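The values are calculated or read from the model by the stated rules, or taken from the named source; none is laboratory data. Just so it is clear, the structure is predicted and the values come from calculations on it, not from any experiment. Reconstructed Cβ throughout: ideal geometry from the backbone, glycine too, with neighbour counts over all protein chains shown.
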Amino acid sequence: MYKALIVDDESDARGVLQKMLEFFCPEVSRTAEASNSTQALSLASKRHFDLAFVDIKLRRENGLDLARKLQVHCPNIIFVTAYDEFALEAFQTSALHYLLKPIDPEQLREAVSRATSGILIKQPPAIKLNTRNGIILLQQREIDYLKGDGNYCTFHTATGEYHLVSRNLSHYVDQLEAPDFIRIHQSYLVRMGSVAQYLVDDGYWAILKSGVKLPISRRRKDEFLGALQG
């Protein structure tokens, strides 16, 4: 699955594009939003994006200039704009595509297909678990969450299985990195792809697709919400 950055100074426009990607381009599984070049460059320097949608006319900024800087981190740039007079200059920045608002779904599909055709999806390495029954290689996408208990940690999978290992939770925090995995509590590390709902009900809770309800500590709530929205 691919990750995209949407840069537009209008929140409604960002929302429309995000919904269109969800509906017409499900292979783009995660998106992040920025309203200006400072936010966009900050996000791109900290996180990996496979492609970026950039509005050419940002408020008091030039999206073409931003794209040139952004390509250092994310070479696959797709311009989205209401103005067609910038097409030539846009392609001179090595943009992959140029979409006019309102966006045509077929044009969007074509742009995403062109952007992702040369991208190789790197699978994260499997986690080796030394259990009492032997060594288990667990793919990261199979993990729902981890629960720490002192010097022990239990891996819970999407199929309902669990594996107890004699390592503490902190040992795996560095191996299972954000934004795919977020530590939501002193005792819990959750895979964000398994989260179905955020609930406020006498505390903060992450509801997983499996129906499991995990507590979120107050000091870790903002990081969790940032990952959920990004």
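Taken over the range 121-177, the criterion of being closer than 21 Å to TRP205 by Cα and either of a type in the set (A, V, I, L, M) or touching a residue at least 60 places away in the same chain (Cβ under 8 Å) (or both) is satisfied by ILE143, ASP144, TYR145, LEU146, ALA158, LEU169, VAL173, LEU176.
Restricting attention to the range 195-215 and to residues that are in a loop (DSSP other than H, G, I, E, B) and of a type in the set (Gly, Ala, Ser), the residue that is surrounded by the most Cβ atoms within 10 Å (Cβ to Cβ) turns out to be SER210. Residues in the range 1-17 that are more than 30 Å from ARG141 (Cβ to Cβ) and not acidic (Asp, Glu) were compared, and the one that is surrounded by the fewest Cβ atoms within 10 Å (Cβ to Cβ) is SER11. Among the numbered conditions (1) modelled with pLDDT under 95; (2) over 25 Å from HIS48 (Cα atoms); (3) surrounded by 14 or more Cβ atoms within 10 Å (Cβ to Cβ), the only one that PHE181 does not meet is (2). So which residues in the range 165-186 are touching a Leu at 6+ places or on another chain (Cβ under 7 Å) and within 21 Å of THR131 (Cβ to Cβ)? Matches in the range 165-186: VAL165, LEU169, TYR172, VAL173, LEU176, PHE181. Going by what's in this entry, would LEU214 be described as out of contact with any helix residue (DSSP H, G or I) (no Cβ under 9 Å at 6 or more places or on another chain), of a type in the set (A, V, I, L, M, F, W, C) and in contact (Cβ under 8 Å) with a residue 24 or more places away in the chain? It is true that LEU214 is out of contact with any helix residue (DSSP H, G or I) (no Cβ under 9 Å at 6 or more places or on another chain), of a type in the set (A, V, I, L, M, F, W, C) and in contact (Cβ under 8 Å) with a residue 24 or more places away in the chain.
Being closer than 26 Å to LEU225 by Cβ, at pLDDT 85 or above and of a type in the set (A, V, I, L, M) is a condition met by no residue of the range 100-110. Scoring ARG183 on the criteria (1) under 20 Å from the mean Cα position of the chain (by Cα); (2) part of a loop (DSSP other than H, G, I, E, B) leaves a single failure, condition (2). Among what's in the range 118-168 and is among the aliphatic types (A, V, I, L, M), over 28 Å from VAL28 (Cβ atoms) and modelled with pLDDT of 95 or more, pick the residue that is surrounded by the fewest Cβ atoms within 10 Å (Cβ to Cβ). The qualifying residue surrounded by the fewest Cβ atoms within 10 Å (Cβ to Cβ) is LEU164. Considering only residues that are assigned to a loop (DSSP other than H, G, I, E, B) and not aromatic (Phe, Trp, Tyr), which ones fall in the range 13-70? Result: CYS25, PRO26, GLU27, SER35, ASN36, ARG47, HIS48, ASP50, ILE56, ARG59, ARG60.
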